[in-house]
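Reading through the structure tokens given below for one structure.
The values are calculated or read from the model by the stated rules, or taken from the named source; none is laboratory data. A quick note: this is a predicted structure, and the numbers were derived from the prediction, not measured. Note that each Cβ is placed from the backbone with ideal geometry, even for glycine, and that neighbours are counted across all protein chains shown.
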Amino acid sequence: MRDYRAPAGPNLISRVASFYDWQNLRREHDLWPYARSTSTAPQARCEAKSDTGASFSGINFASQDYLSLSSHPAIKQTAIDAINQYGVHSAGSAALLGNTANSLLLEQGLSSFLGDREIVLYPTGWAAGYGSVQGFVRANDHVVMDILAHSCLQEGAKAATQNIHYHGHLNLDALTRKLERIRNNDKENGILVVTESLFSMHSDTPDLGAMRALCDRYNATLLVDCAHDLGSIGDDGLGHMGLQNMVDAADIIIGSFSKTFASNGGFIAVRDKATAEYLKYYSATHTFSNALSPVQAATVLTALNIVRSEEGRVLRRKLMDNILYLRAEMTKAGLETLGDPSPIVPVRLGLEGVGRFASRHLMALGGIANLVEYPAVPQGGARFRFQVMASHTKEDIDQVVAVLAKAMHDADIEYRLGHEGNPSTGRSPSSPSAEVA
Ligand SMILES: Cc1ncc(COP(=O)(O)O)c(C=O)c1O
């Protein structure tokens, strides 16, 4: 994919055509596992279609619905009631007349969940991430971010400034060095430090207390993206911020509703009203995009109420049981899981070629998981990303591990046959060149 990111030539349209040729070559060999669509609800077992229309079905570990709330009866009823009351559309930016009573109630609910912060809602999590950086950072400011920060944060930074400083993943020494260098040279402008409470490709977490201390030392602002763990991790659902007792650590929290809260949408949570009001008019993705629809706002609020209830606690325990069981069974089967226990379970595949074969075999054997390959992860660090839901059963997990082990075994053999003379088993470690100091 990286090869087509910056095509050359004066004609913007014709120069992108070679990507389609390459994509089609992969399609011809049944090696394009992207842009698939479900034909049933994204539950533990589901039916789906490839992007060429071929049907398949299986045990689904490729949907982000961690507490399985998207098919929860109370949530479906909430959506139906909201449609009956408001219709289906927000009909305007939140800066104009796009808010509804539902979005105001959602702001209040999130505020109380996050320790009385001020909330600004966004139409997607991506828009919130982008707006959280672009809304605050100006051309002379600096953004210091983990090399694996999500695309929305990176794109927000690129839109705001050229002073972007990446540090190696979770590397606090490297972060310290960057901050020191920046502050030695520039005492006038702002520094935004950007991280995630759960990294979505590696399933790991920074030390938020240490990052807070560094931000204090160098007069920097801390932004934490909690898209994947808010609602799904921790007894109270406050994710790693809660587990580390660091809900107060971040100056800016951004989150998404699409992983646990059964809807598209996102939010930014800040400490005071003045900051929130500024964002409402200066972060482009809030001001110049239609607001969350009343159906989405009502859905997320009901999901939030479940997340905060005893039912939510039980679902999170069930989810964590599933995560631990899946990881243990994969290890028993000789597979390598990466990162820490979370709803994201990355499984190392190694070389991209092996990963593509494994993905094809997995789908044919009735397992559904997302293949992640370079440049989304380092070269040679291809992986499956299994996404676990509370509604998965032990039987689902046993079956998927069995088909995954077979798919990976067959992929290794197929890859080696195609590369005779190459002694590699294909499961190489990630390329060290992907690390950034
Ligand atoms: C860390 C992170 N931030 C933000 C987003 C964007 O959220 P959404 O997909 O809900 O727009 C995602 C999801 O892709 C994510 O993984």
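Summary table
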{"quantity": "Single residue of region 99-137 satisfying the filter (of a type in the set (Phe, Trp, Tyr) and within 15 Å of the ligand (Cβ to nearest atom)) that is surrounded by the fewest Cβ atoms within 10 Å (Cβ to Cβ)", "calculated": "126"}
{"quantity": "Any hit, region 156-172, residues being crowded, with 22+ Cβ neighbours inside 10 Å, more than 22 Å from the chain's Cα centre (by Cα) and assigned by TED's automatic domain parsing to the domain that holds residue 120", "calculated": "no"}
{"quantity": "Residue in region 33-51 that is within 20 Å of residue 264 (Cβ to Cβ), under 26 Å from the mean Cα position of the chain (by Cα) and among the aromatic types (Phe, Trp, Tyr) present", "calculated": "yes"}
{"quantity": "Per-region count, region 107-154, residues more than 17 Å from residue 221 (Cβ to Cβ) and of a type in the set (Val, Ile, Thr)", "calculated": "3"}
{"quantity": "Any hit, region 67-76, residues being surrounded by 15 or more Cβ atoms within 10 Å (Cβ to Cβ), within 16 Å of the ligand (Cβ to nearest atom), of a type in the set (A, V, I, L, M) and over 14 Å from residue 300 (Cβ atoms)", "calculated": "no"}
{"quantity": "Selection status of residue 67, not assigned by TED's automatic domain parsing to the domain that holds residue 300 and not in a strand (DSSP E or B)", "calculated": "yes"}
{"quantity": "Only one of 309, 293, 289, 256 that is of a type in the set (Ser, Thr, Tyr), buried (at least 24 other Cβ atoms within 10 Å of the Cβ) and either more than 21 Å from the chain's Cα centre (by Cα) or not assigned by TED's automatic domain parsing to the domain that holds residue 106 (or both)", "calculated": "293"}
{"quantity": "Selection within region 140-176 - away from the ligand (no atom under 16 Å from the Cβ), part of a helix (DSSP H, G or I) and free of Cβ contacts under 8 Å to residues at least 40 places away in the same chain", "calculated": "160, 173, 175, 176"}
{"quantity": "Selection status of residue 80, part of a helix (DSSP H, G or I), without any contact (Cβ under 8 Å) to a residue 60 or more places away in the chain and either farther than 29 Å from residue 171 by Cα or of a type outside the set (Val, Ile, Thr) (or both)", "calculated": "yes"}
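Conditions (1) assigned by TED's automatic domain parsing to the domain that holds residue 263; (2) out of contact with any Pro (no Cβ under 8 Å at 6 or more places or on another chain); (3) in a loop (DSSP other than H, G, I, E, B), marked per residue:
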{"site": "84", "(1), (2), (3)": "yes, yes, no"}
{"site": "90", "(1), (2), (3)": "yes, no, yes"}
{"site": "98", "(1), (2), (3)": "yes, yes, yes"}
{"site": "102", "(1), (2), (3)": "yes, no, no"}
{"site": "109", "(1), (2), (3)": "yes, yes, no"}
{"site": "121", "(1), (2), (3)": "yes, yes, no"}
{"site": "126", "(1), (2), (3)": "yes, yes, no"}
{"site": "130", "(1), (2), (3)": "yes, yes, no"}
{"site": "133", "(1), (2), (3)": "yes, yes, no"}
